[in-house]
1. Taking 20 Å as the cut-off for C-alpha to C-alpha distance, list the pairs among 130/188; 130/250; 339/371; 104/381; 76/130; 54/222 that go past it.
2. With viscosity set to 0.692 mPa s at 37 °C, what whole-number translational diffusion coefficient in µm²/s follows for segment 272-314 from Stokes-Einstein and a Kirkwood radius over Cα pairs?
3. If I take every Cα pair under 8 Å that is 6 or more residues apart in segment 410-485, average their sequence separation and divide by the length, what percent do I get for the relative contact order?
4. For segment 159-312, I need the span (max minus min coordinate) of the C-alpha atoms along each principal axis, in Å, sorted largest to smallest.
5. For helix 173-190, report the angle its Cα long axis makes with the longest principal axis of the Cα atoms of the chain; keep it between 0 and 90° and round to the nearest 10°.
6. In nm, what is the difference between 0.36 nm times the number of residues separating residue 98 and residue 410 and their Cα-Cα distance?
7. What FRET efficiency would be calculated for the residue pair residue 280, residue 65, taking the C-beta separation as r and a Förster radius of 30 Å, to the nearest 0.05?
8. How big is the antiparallel share of DSSP beta bridges in segment 282-415, given as a percent to the nearest 5?
Amino acid sequence: MKTTLLLVAFIVFATTQTFSQNVFNPSDAIVRYSSGASYGSAQRPDTNRAGLQKWVSTPTNGISTGSGTWDASSFKAYFLNAAGAKVAFRVRFPRTYSTNPTKKFPVMLFLHGAGEVGCATNGGLYNNEKQLWLGGSLFLTEAVTNQKFDGFLLYPQLVAREGCWDAWGTAPTGRLTNIMAMIDSLGKYARLDIDRVFIDGLSGGGYGAWRMADIFAPRVAKIAPSAAAGSTTNRTNFVHVPIWFATGGKDPDPSPAQADYALNRMKDIGADIRYTRYPDLGHAVWYSHWREPDFFTNMNDVHKANPLVFFGRNEFCEGQAISARLGISQSYYAYEWAKNDVTIASRTNGVNTIIDPSSVISYTGNEIVVKAFGTYKARFKRTAASAWSEWSMKPAVIRAKPAAIGQAITVSGVSSKVLPALNGNTTVALTLPSGFTAYQWVRVSDNVVVGNAQVFNAPIGVYKGKYNDQFGCPYSFSPNFTVIDAAGTPKPDAATNLVATGLSLTSTRLNWTQNANETNFEVYRGTSSGGPYSLITITAANATTYTDNGLDPNTTYYYVVRA
């Protein structure tokens with residue numbers, strides 16, 4: 001499958017070069033479409049002309065007309081007829097493009113949602129503006145004005161196959177191949193760095209980002225789709241492509257379950273995947289996603305030579321054998337790997353060579369398993385005739401895991417650690433942090449192991465706990481935790497002068513007098529004098545009041561406060 005995809009991409013690239021010339025100019029004027037102009041003119045250009053050409057746009061509500069207008073004139077208009085597809089683009093050149101004449105620049109490719117297509121009612125191929133509606137102004141401001149991303153902003157527009165609604169996630173593959181040909185053309189003529197392609201998109205465009213990572217894995221350096229949890233059926237195709245996707249907790253499509261499924265299937269194979277869920281949002285999560293503090297950092301650090309550290313395992317604890325699996329995308333002609341800037345393995349035209357067996361366990365070209373601490377970089381050649389890529393911008397650092405200190409034991413839920421409690425409990429549920437393995441609870445008095453789960457129901461005594469990370473590296477014991485004997489001494493002075501005041505049919509305020517030697521107050525409630533009682537809250541030290549809400553009307557309640 002990979003060989004076929006690369007062949008298609010190469011054919012499109014060659015065809016594009018045959019028909020296209022360097023039409024790119026950051027000073028290009030914005031030309032508006034005119035239906036009355038002659039076909040083939042600057043205002044109504046020929047859609048059947050093969051290759052690249054300058055293009056037009058149509059004023060669109062929310063961008064250049066109506067409310068919320070902003071100046072989109074710096075997004076230049078182009079058109080590419082290739083790969084059996086016709087696609088119009090808007091291109092914002094990098095901020096320092098004119099002042100850095102030898103610099104190569106990354107690209108952010110944005111795939112719009114299903115409602116921002118070109119269609120019969122808005123000019124179709126001549127619209128070429130509605131794709132800027134969601135996010136165009138924000139990315140212009142953040143990238144250019146706030147100088148957070150010095151790269152191309154590339155906005156293709158999908159033309160609907162029918163109606164005025166269509167999605168990149170289901171569009172004909174030729175339209176996606178056309179986009180890659182556009183990127184190749186910008187690489188040839190306008191110094192776009194084809195190894196630094198970052199793709200984001202929203203909703204149907206977000207699904208398009210997942211799809212492009214699958215189809216064009218050797219070309220895509222990172223994706224950050226919003227409101228889309230793409231198919232992971234072919235996940236091994238794009239396991240080396242970093243992903244950061246976001247969805248809403250109230251969104252039915254994708255639902256939280258669908259998002260979790262996509263996340264877990266990628267994690268199962270060791271991918272570098274990050275997921276952000278906005279619990280209170282529905283489908284429209286994209287602005288929240290883009291405004292995350294490190295979103296633009298993620299746009300800047302992409303490169304196809306950045307190695308994936310499978311399962312994020314770059315640290316090994318004392319006594320563990322080092323075995324770290326690293327990889328970049330497959331299907332390149334040649335690869336080189338270096339440890340601490342010294343080449344340790346290479347591959348050319350299918351022939352693998354391990355140069356430093358003291359550092360390498362196994363090697364397949366695009367992947368390497370190493371057994372020594374160090375800083376590992378990779379580079380590649382796409383074809384026999386192409387130049388070497390840059391070395392990894394973000395090397396993989398394999399190192400010793402520092403000593404890890406166990407977190408403090410906590411009480412699970414609202415429970416008393418002074419036993420027996422007034423509700424009759426003679427044990428309290430103690431918990432260690434979730435997400436670890438090999439839990440161990442030890443009774444300090446005799447150093448006996450008393451539990452091996454995350455939660456331990458502890459009677460009176462002193463306890464400590466420990467656990468391992470997912471790779472088996474141990475944490476030190478937690479600080480000791482004491483489950484207190486209620487009959488022990490010294491005891492704090494009791495709360496006095498407890499008064500209950502009804503605030504409403506469902507709310508009561510308690511007030512009491514406190515002394516200065518308690519650590520907390522436990523508030524118990526029952527419906528009979530003398531109990532049984534339920535613990536409803538534990539206050540901070542020095543508290544003198546608590547309001548109990550959510551009560552049943554016409555019910556008598558009894559309260560006890562224990563210091």
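1. Values: 130/188 27 Å; 130/250 27 Å; 339/371 11 Å; 104/381 17 Å; 76/130 14 Å; 54/222 29 Å.
130/188; 130/250; 54/222, as the Cα separations exceed 20 Å there.
2. Details: Rh = 12.7 Å.
D = 258 µm²/s.
3. Here the relative contact order equals 31 percent.
4. In descending order, the Cα extents are 45, 45, 31 Å.
5. 70 degrees
6. Working: separation 312, 0.36 × 312 = 112.32 nm, distance 5.85 nm.
Between residue 98 and residue 410, full extension yields 106.5 nm more.
7. Values: r = 33 Å, r/R0 = 1.10.
Computed FRET efficiency for residue 280 and residue 65: 0.35.
8. Antiparallel bridges: around 95 percent, rounded to the nearest 5.
A short reminder: the numbers here are calculations on the coordinates, not readings from a lab. Every value quoted in this text rests on a predicted model; they were computed, and no experiment measured them. Don't worry about glycine lacking a Cβ; one is built from the backbone with ideal geometry, like all the others, and counts go over all protein chains shown.
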